[in-house]
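Structure first, commentary second.
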Amino acid sequence: MSEMGNMTKIMKKAFTNIFLVVMTSIFCLESSAVGEGYSVDLSAAIDLAIENNESYLIAKKEMERANSQIIEAAAGALPLITGGLTYLRNWRVPTGVFQFGDEIVTVKFGTDNSYTADLTLTQPLYSGGRTIAAIKIARLYKKLSRETVRSAGQNLKVEVYNAFFGAVLAREISRVSSQSLELARDNLKVVDKMYAQGVASEYDLLRAKVEVANLQPTVTRSETDFEVATSALKNLLGIGTDDELELEVEFDSSQFIVTPIDIPGFEDELIQNRPEVKISTYTSEGRKKAISLYTAGYKPSLNFRTTLQYQTQFDEGNVFERRWDRSLSSTLEINIPIFDSWKTPSRVRQAKIDYSQSELQKEAIRKAMILDLEQSYGKYIEARENLSAQGNAVELARRGLEIANVRFENGVGTQLEVSDARLQLQLAEINKATAFYDLAVGYAKLMRALGRDLEPIK
């Protein structure tokens, strides 16, 4: 009963891992190609995800936005050229009446039609530091966007590791379950023959039949889990759900070896490499620059403006046949803020609060990253030790099953021994597959925790 309980716990853990893989990946990219076949290893899976994953592509688009924001901010220091054309129609022209002696004279003030065309150049000379602050903020946003892309790339690769090896785990569990069912059926045939010969008891026969019946739902469930895990991986990679997907993987744990880590000694590397830390730093610096941006509201602005104007007026006729009078003027304009209903003080106060919050968030993120490193390293060591503990357990369990079968056929052993040996073999194979999955995913999360790029492993 204890062995069955252990087996149940192992199966629950394995199915839980597969469920987590599916739920992590199910909201990713919709399938694209239809009716094609893919044979992918981990490297190819990462390449497909980077090429097709929508979340990662959205993050990359932010880089384009950041470049545009720099240009927009710099435009505040460049001249602005505007042009305009105004048409005025007087439906009733104002008149004035003047009397000269006995003569009364009526004079029109204006014409029925008036056209004005102008071209104006405005050059900001001083803006109180607004433009410089805006450019610095835009450049910081570009750096922040670059780190956001790095973070999205690292998270995506961890998701690929999780989904890829999760599908491999589901495939192995399906294989082991099918193999266990076949062994149980073979055992049933042996027991049936021995029962017919009077060597085996009816209890042995019934037990063998029950074991076959009990294993069938497990096989069906494992096959379904494998299909679902594979579909989730396809979605993550941008592969059509109707396409064939063959996973290529070598069960070689040496590819996930990491030299021992001294957590305090790696804190500097973590702070230097983790994109989340850099994002919090750039965010804090940007909010500090925002204080200067809003403080500029206290300062005057100075603009130089030159206007070239053409104007014509007439009562009747074609506008293009008229003479246009030209004028050219320049102005120097200074605007001094006197009272803006406390808008500027409020903005400055809010900017200072935002900066204080960002400093606290930066420290909180730094601590969270260190904690993440400690947890990731602990999980990695645990997974590596679990896999190492398996050793040659599968080979030993398989040899044990062979011995149990021989003993039972020779009338020395019992059906219970055969069942227990088969259970031990299934348990050892699932343990080994689960431990390898834990090691692969633990390695990916540890690399992310250190801020290192996850190079595809062949």
Proximal lysines relative to K234, as straight alpha-carbon distance under 28 Å, when same-chain residues fewer than 8 apart are discounted: K12, K13, K60, K61, K157, K379, K432, K445, K458
Residues I261, I336, I135 arranged by fewest to most Cβ contacts within 10 Å: I336, I261, I135
Reach of K193 by Cα under 24 Å, taken over lysines that are not fewer than 8 positions away in the same chain: K209
Nearby aspartates and glutamates by direct alpha-carbon distance to K362 (threshold 16 angstrom, same-chain neighbours under 8 apart not counted): E147, E267, D268, E276, E285, D354, D372
Filtered trypsin sites (Lys or Arg not before Pro), the stretch 52-108: DSSP coil and at most 12 other beta carbons within 10 Å: R92
Per-residue ³J(HN,Hα) for the stretch 363-368, Karplus 6.51 cos²θ - 1.76 cosθ + 1.60, θ = phi - 60°, Hz, x for Gly and Pro: 5, 5, 5, 4, 5, 5
Dimensions in Å of the chain - Rg and Dmax from alpha carbons: 38.8, 152
Protection proxy ranking, peptides 418-427, 284-293, 250-259, average beta carbon neighbours within 10 Å, highest first: 418-427, 284-293, 250-259
Label-point separation, A393 to E51 (7 Å along Cα→Cβ), nm: 3.9
Note, ³J(HN,Hα) from phi for the stretch 192-200, Karplus 6.51, -1.76, 1.60, rounded to Hz, x at Gly and Pro: 4, 5, 5, 5, 5, 8, x, 8, 9
Sum of side-chain charges, L140 neighbourhood, beta-carbon under 9 Å (Lys, Arg +1; Asp, Glu -1): +4
FRET efficiency, K108 to L328 (Cβ-Cβ, R0 25 Å, nearest 0.05): 0.35
For the stretch 215-284, radius of gyration divided by Kirkwood radius, i.e. Rg to Rh on alpha-carbons: 1.21
Between the stretch 215-262 and the stretch 116-156, the Cα center-to-center distance that results, in Å: 44
At q = 0.12, 0.15, 0.18 Å⁻¹, base-10 log of I(q)/I(0) for the stretch 375-458 (Debye sum, equal scatterers on each alpha carbon): -0.50, -0.64, -0.76
Difference of contour (0.36 nm per residue) and Cα-Cα distance, I71 to A196: 36.1 nm
Mean projection area, nm², convex hull over Cα of the stretch 213-368: 27.5
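Each reported figure results from applying straightforward, stated rules to the coordinates on display, with no laboratory input. Quick caveat: nothing in here was measured; it's all calculated off a predicted structure. No Cβ is skipped: glycine too gets one built from the backbone with ideal geometry, and neighbour counts run over all protein chains shown.
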